[in-house]
Amino acid sequence: MKKSFLLFALLIASCVAHAQQPVTVYSEKDYANKPVWIKMIKDTAVNFFEAEKAFKIYFKHHENPGGEHDVIGEHAKAEKHPGKRDLRRMQAEDRMRMEVKRYEHWRDKVRPYVQADGSILTPAQRLKIWRENKTK
């Protein structure tokens with residue numbers, strides 16, 4: 001009985017230890033090499049200024065894909081008979097272009113709710129402000 005209780009207690013303790021994941025801290029080298037801003041904007045507890053910094057540093061070292069088909073006929077020429085390498089490059093550019101659009105939409109959506117320290121108001125806090133303004 002004691003052994004089973006001890007095993008159960010160890011199992012619970014290990015589950016609790018794994019559930020408390022540490023906050024990921026990125027360096028500027030990470031910002032330059034990897035598009036960590038994609039993960040950052042999905043996190044509701046992200047610091048707005050850190051996400052913006054990660055985005056800007058990443059595109060100092062990488063080419064920004066720009067808008068859809070910035071170069072006239074860019075894909076039309078390549079779509080006739082694209083090689084595997086060209087096809088992979090075009091798909092990667094399209095994915096990155098979509099992530100940039102997602103970031104820009106996120107930035108515009110949360111900008112009014114950014115606090116002085118870079119934290120973003122939670123949806124509950126936003127609703128509370130909306131209700132207070134509605135009653136005025």
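Of all residues in the range 86-119, those satisfying the criterion of being under 14 Å from the mean Cα position of the chain (by Cα), of a type in the set (A, V, I, L, M) and surrounded by 15 or more Cβ atoms within 10 Å (Cβ to Cβ) are 96, 100, 110. Filtered by the rule that a residue be of a type in the set (Lys, Arg) and either in contact with a Lys or Arg (Cβ under 7 Å, 6 or more places away or on another chain) or under 20 Å from residue 47 (Cβ atoms) (or both), the range 111-134 gives 111, 126. Residues in the range 72-92: is at least one at pLDDT 85 or above and within 20 Å of residue 39 (Cβ to Cβ)? There is at least one residue in the range 72-92 that is at pLDDT 85 or above and within 20 Å of residue 39 (Cβ to Cβ).
Table: residues versus (1) loosely packed, with under 13 Cβ neighbours inside 10 Å; (2) free of Cβ contacts under 8 Å to residues at least 12 places away in the same chain; (3) on the phi < 0 side of the Ramachandran plot.
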site	(1), (2), (3)
25	yes, yes, yes
31	no, no, yes
37	no, no, yes
44	yes, no, yes
47	no, no, yes
51	no, no, yes
56	yes, yes, yes
59	no, yes, yes
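The values are calculated or read from the model by the stated rules, or taken from the named source; none is laboratory data. As the structure is a computational prediction, the values presented were derived from the model and not from experiment. All Cβ positions, glycine included, derive from the backbone under ideal geometry; neighbour counts span all protein chains shown.
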